[in-house]
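**Q** Please find one structure pasted underneath; my questions will follow.
The values are calculated or read from the model by the stated rules, or taken from the named source; none is laboratory data. Please read these numbers as outputs of a predicted model, since none were measured by experiment. All Cβ positions, even for glycine, are placed from backbone atoms using ideal geometry, and neighbour counts span all protein chains on display.
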Amino acid sequence: MKVMSETMELLKTAMAYAGAVGQVQGFIAFVKNNPDAYSHEQLLDELFKLNGAINDKLAAVEVEAEQ
């Protein structure tokens with residue numbers, strides 16, 4: 001039973017990381033298709049927001065896995 005719960009935790013972590021990669025890829029695709037959508041300053045702000053959101057989500061998954 002312990003192996004099953006550890007496997008599920010690893011799966012949750014892997015899915016969280018895959019989601020993070022998908023968010024970054026989606027943002028990059030949007031910027032490539034709409035190069036004038038953001039100024040350089042706005043682009044950096046959006047990247048920092050995305051990075052912060054991803055870090056928060058991954059940290060929450062890690063904390064949940066440790067419990």
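**Q** Identify all residues within region 3-42 that are in contact (Cβ under 8 Å) with a residue 12 or more places away in the chain, among the aliphatic types (A, V, I, L, M) and over 15 Å from GLU64 (Cβ atoms); write none if there are none.
**A** Once the filter is applied, which keeps residues that are in contact (Cβ under 8 Å) with a residue 12 or more places away in the chain, among the aliphatic types (A, V, I, L, M) and over 15 Å from GLU64 (Cβ atoms), region 3-42 yields ALA20, VAL24, VAL31.
Yes or no, residue by residue, for (1) at pLDDT 95 or above; (2) loosely packed, with under 10 Cβ neighbours inside 10 Å; (3) among the charged types (D, E, K, R):
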position	(1), (2), (3)
THR7	no, no, no
THR13	no, no, no
ALA16	no, no, no
GLN25	yes, no, no
ASN33	yes, yes, no
TYR38	no, no, no
ASP45	yes, no, yes
GLU62	no, no, yes
GLU66	no, yes, yes
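**Q** Also, quick follow-up: If a residue must be more than 9 Å from the chain's Cα centre (by Cα) and either in a helix (DSSP H, G or I) or in contact (Cβ under 8 Å) with a residue 60 or more places away in the chain (or both), how many such residues does region 53-67 contain?
**A** Of the residues in region 53-67, 8 are more than 9 Å from the chain's Cα centre (by Cα) and either in a helix (DSSP H, G or I) or in contact (Cβ under 8 Å) with a residue 60 or more places away in the chain (or both).
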